[in-house]
1. Would you mind finding the one in 128, 87 that is outside the structural domain of residue 205 (by TED's automatic domain parsing), at pLDDT below 95, at positive phi and in a loop (DSSP other than H, G, I, E, B)?
2. Please go through (1) crowded, with 20+ Cβ neighbours inside 10 Å; (2) in a strand (DSSP E or B) for residue 142 and return the number of the only condition it doesn't satisfy.
3. So which residues in the range 19-39 are in contact (Cβ under 8 Å) with a residue 24 or more places away in the chain and out of contact with any helix residue (DSSP H, G or I) (no Cβ under 9 Å at 6 or more places or on another chain)?
4. May I ask you to list the residues in the range 209-233 that are touching a residue at least 12 places away in the same chain (Cβ under 8 Å) and not in a strand (DSSP E or B)?
5. I'd like to know if the range 10-18 contains one or more residues that are under 12 Å from residue 89 (Cβ atoms), touching a residue at least 60 places away in the same chain (Cβ under 8 Å) and in contact with a strand residue (DSSP E or B) (Cβ under 9 Å, 6 or more places away or on another chain).
6. How many residues, within the range 192-208, are under 18 Å from residue 44 (Cα atoms) and either in a strand (DSSP E or B) or in contact with a helix residue (DSSP H, G or I) (Cβ under 7 Å, 6 or more places away or on another chain) (or both)?
7. Answer with yes or no whether residue 254 is at pLDDT below 85, surrounded by 16 or more Cβ atoms within 10 Å (Cβ to Cβ) and out of contact with any strand residue (DSSP E or B) (no Cβ under 6 Å at 6 or more places or on another chain).
8. Considering only the range 10-24, how many residues are within 19 Å of the chain's Cα centre (by Cα) and not in a loop (DSSP other than H, G, I, E, B)?
């Protein structure tokens, strides 16, 4: 069974393996600033692969999140930042990528909801919103579908009865607007359709397993996605990628 850890070349099949990975990341990771009474560690393994762990005041390791630094941050107008109601060490942001007007944060290419791997560092500084920041952003996907071109995608859509509009991106919260506003934590999953502009196989330095790093043009933005090696049979520039992804972000200026 695939998990989001597979998207970065980690082969995790048991809860015990997640706990072991979290404990090791906590031991070997670099301590990041945190103002919320809990510890935060970032283990940068190399090649862009990262693991982020949160630590309780008691020293207990609370969890671990995978991340990939693609080296291409996005100017983002953050319009909301909140903790998880059940796990205050975790949290999310909502914002608009690449706002076109300084005084109008809702003028970007599209809105995005992302879980912050560095929530403990960033959230105390994400106040007096909206606030424009440089956001590292990556999508993890293990159900990627590649098509030779837009016509091939249209042929598949005719058979399935579903077609995401080309060059589109929508967070789950923004897809079901007719369902009314929810008071619960919004889902950081998104659906998208775009053109692959670059594709490379990356080796996880810890496991030696390969995964895909894909740069995908979605409208006026180029986004980074990672996927397990076996999830994408072939990924060439010019192909169309349609999928869903877990969006993760970090704000390096606040670390």
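The values are calculated or read from the model by the stated rules, or taken from the named source; none is laboratory data. Since this is a predicted model, take the numbers as computed values, not measurements. A quick note on method: Cβ atoms are made from the backbone with ideal geometry, for glycine too, and the neighbour counts reach across all protein chains shown.
1. 128
2. Checking residue 142 against (1) crowded, with 20+ Cβ neighbours inside 10 Å; (2) in a strand (DSSP E or B), the one that fails is (2).
3. Hits for the range 19-39 are 19, 22, 23, 25, 26, 29.
4. 209, 219, 220, 229, 231, 232, 233 - these are the residues of the range 209-233 that are touching a residue at least 12 places away in the same chain (Cβ under 8 Å) and not in a strand (DSSP E or B).
5. Scanning the range 10-18 turns up no residue that is under 12 Å from residue 89 (Cβ atoms), touching a residue at least 60 places away in the same chain (Cβ under 8 Å) and in contact with a strand residue (DSSP E or B) (Cβ under 9 Å, 6 or more places away or on another chain).
6. 3
7. yes
8. 2
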